[in-house]
Ligand SMILES: Cc1cc2nc3c(=O)[nH]c(=O)nc-3n(C[C@H](O)[C@H](O)[C@H](O)COP(=O)(O)OP(=O)(O)OC[C@H]3O[C@@H](n4cnc5c(N)ncnc54)[C@H](O)[C@@H]3O)c2cc1C
Ligand code: SF4
Ligand code: FES
Ligand code: FES
């Protein structure tokens, strides 16, 4: 449409995987575009650019969000973790390890989003957040397979690796619980 | 996407002033940014209202709630007092979108999200809602997921929000800050039927800022049910919010609203009337459903919604009735 119109620029700061970046962004840029194009972090994928597939899922302030619908300019000062930042000191995170063990992927395109989503989701469950699969909202939900499927429904997998994904998330949840016990 | 300036509102007055100068309000952006990308919305200025101090849920001593417009959908659904006192509201919010989207979506933005009618979202097509006077291709075209109640020759779209359906059943009202000051609008007067002005989803005036949603105490069992084309992460074909108080096998109080059937959340007053004072039996549930759906005017491809709505009313009342 208005391709002639001059872009509007804004200066923002993002903390991505622990490193601070000062950036001059087009106000139209999504966090996804800034991560991929400006910072070269191409782990986060663009599947639909409409919030419908989850391939772009990242953690912002510890919460999982779709980077494709997030305007970068609205996130000045945000603390971001992408799939590149899940591993610590060269060690894969428990969620990443569980995806490998349980074949939680085939082509791998949806995987970065699945990993970030599962990481954020496990935190939500730990805080006692309910889901549409929770029968009684007064009690803290137990993460059974129905709960996992419902909570991960914002992440589509065209390869249909769902069996492995559910198994991986179940395992990561169990490990987390064991680590805390 | 058309270039735009981005600003953060520092107060309600500041937001209103910037809006008067041509800026559009930005909540979490999960609907607005999408519509801008599709070329449906073309604002040249955005004013971010998520940093205004409307991020709290307050519980009053009677059990009523005041929910700030900037509260995220996730935080609303996770709130213990909401889950305890108004489970239908938490369930409705949880039935919408995905975990990622709910983390970002605000209460104000959820109320004011636009229809998912496919013609509305396609800037190349005519659509009375997007471009008044251009026509409504949905009436002859793709409308299997559109309205069966209260539609007009100008528009047959449905309102997409799940949360708003629960709020309709809960007799909620919306706190609005406008150029003439503050006012409180009952949810039934907040949304409107399309009539000959489908470009207006609500009765809000230009610049009106939603600051909070007020929900009176409920004090009876409630539930939200949603039927969709897949088990999760899809908009409603038909949904229902019900609250039911039973005493001695008789309906003492009931609130019922339907989603996915009309241009606004559909408060089913006729069904409520048919239920009140009558026995909690399937026969009366069916009579109530039929009393409400008598007015239905399905389109060529969505008569199934009448059956779906009827069955959903009967089943959800039965489920709630059993527990009492
Ligand atoms: C893939 C997908 C699936 C979805 N599925 C569902 C579903 O199943 N059920 C459902 O209910 N919803 C669903 N949604 C919609 C989602 O709930 C909305 O996008 C979200 O609630 C909008 O909130 P927001 O804060 O992001 O609003 P924004 O996108 O920021 O704003 C939406 C509108 O509200 C206006 N606005 C925002 N805040 C205010 C305010 N305080 N005062 C006045 N105006 C304001 C904006 O100007 C804009 O017009 C889905 C969305 C996506 C992308
Ligand atoms: S139903 Fe309403 S929104 Fe859809 S094309 Fe017709 S006028 Fe537009
Ligand atoms: S690319 Fe963001 S949800 Fe599909
Ligand atoms: S592994 Fe291929 S899309 Fe999920």
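Some notes on this structure:
- Here residue B:199 meets the list (1) surrounded by fewer than 21 Cβ atoms within 10 Å (Cβ to Cβ); (2) in a strand (DSSP E or B) almost entirely, failing just condition (2).
- Test: residue in region B:57-64 that is closer than 26 Å to residue A:152 by Cα, touching a helix residue (DSSP H, G or I) at 6+ places or on another chain (Cβ under 8 Å) and modelled with pLDDT of 95 or more: no
- Entirely in region B:1-110, the strands (runs of 3 or more DSSP E) that have 3 or more residues that are farther than 30 Å from residue A:136 by Cα: B:5-8, B:24-26, B:45-48
- First in region A:38-53 and touching a residue at least 24 places away in the same chain (Cβ under 8 Å), second anywhere and within 11 Å of ligand 1 (Cβ to nearest atom), Cβ under 8 Å, 6 or more apart: A:47/A:53; A:47/A:54; A:47/A:156; A:52/A:156; A:53/A:156
- Matching residues, region A:37-70, being touching a strand residue (DSSP E or B) at 6+ places or on another chain (Cβ under 8 Å) and in a strand (DSSP E or B): A:57, A:58, A:59, A:60, A:64, A:65, A:66
- If only residues of region A:71-80 that are outside any strand (DSSP E or B) and within 7 Å of another protein chain (Cβ to nearest Cβ) are counted, the one that is surrounded by the fewest Cβ atoms within 10 Å (Cβ to Cβ) is A:74.
- Tally of residues being more than 17 Å from residue A:95 (Cα to Cα) and either buried (at least 20 other Cβ atoms within 10 Å of the Cβ) or within 14 Å of another protein chain (Cβ to nearest Cβ) (or both) across region A:165-181: 0
- Considered as a group, the residues in region A:50-67 that are more than 16 Å from ligand 4 (Cβ to nearest atom) and more than 7 Å from chain B (Cβ to nearest Cβ) include one that is farthest from residue A:29 (Cα to Cα), and that residue is A:62.
- Qualifying positions in region B:274-303 - surrounded by fewer than 20 Cβ atoms within 10 Å (Cβ to Cβ) and either at pLDDT below 95 or touching a strand residue (DSSP E or B) at 6+ places or on another chain (Cβ under 9 Å) (or both): B:276, B:277, B:278, B:279, B:284
- Matching residues in region A:84-123 - criterion: being assigned to a loop (DSSP other than H, G, I, E, B), away from ligand 4 (no atom under 11 Å from the Cβ) and free of Cβ contacts under 8 Å to residues at least 24 places away in the same chain: A:87, A:89, A:90, A:92
- Candidates B:222, B:232, B:239, filtered to the one that is within 16 Å of ligand 3 (Cβ to nearest atom) and in contact with a helix residue (DSSP H, G or I) (Cβ under 8 Å, 6 or more places away or on another chain): B:232
- Members of region A:144-164 found to be in contact with a helix residue (DSSP H, G or I) (Cβ under 6 Å, 6 or more places away or on another chain) and surrounded by 21 or more Cβ atoms within 10 Å (Cβ to Cβ), listed by number: A:148, A:151, A:154, A:155
- Residue within region B:144-156 that is away from ligand 2 (no atom under 12 Å from the Cβ) and buried (at least 24 other Cβ atoms within 10 Å of the Cβ) present: yes
- Boolean, residue A:164 is touching a strand residue (DSSP E or B) at 6+ places or on another chain (Cβ under 8 Å), over 30 Å from residue B:319 (Cα atoms) and in a helix (DSSP H, G or I): no
- Residue A:136 passes every criterion in (1) within 16 Å of ligand 3 (Cβ to nearest atom); (2) within 14 Å of chain B (Cβ to nearest Cβ); (3) not in a helix (DSSP H, G or I) apart from (1).
- Scanning region B:92-143 for residues that are within 10 Å of another protein chain (Cβ to nearest Cβ) and more than 23 Å from residue B:238 (Cβ to Cβ) returns B:99, B:100, B:103, B:104, B:123.
- Tallying residues that are within 20 Å of the chain's Cα centre (by Cα), within 9 Å of chain A (Cβ to nearest Cβ) and buried (at least 24 other Cβ atoms within 10 Å of the Cβ) within region B:46-81 yields 1.
- Taking region B:166-196 as the range and being assigned to a strand (DSSP E or B) and in contact with a strand residue (DSSP E or B) (Cβ under 6 Å, 6 or more places away or on another chain) as the test, the residues that pass are B:173, B:174, B:175, B:176, B:177, B:183, B:184, B:185, B:186, B:191.
The values are calculated or read from the model by the stated rules, or taken from the named source; none is laboratory data. Bear in mind that the values here come from a model prediction, so they are computed numbers and not experimental data. With ideal geometry, Cβ positions are generated from the backbone for all residues, glycine too; neighbour counts draw on all protein chains shown.
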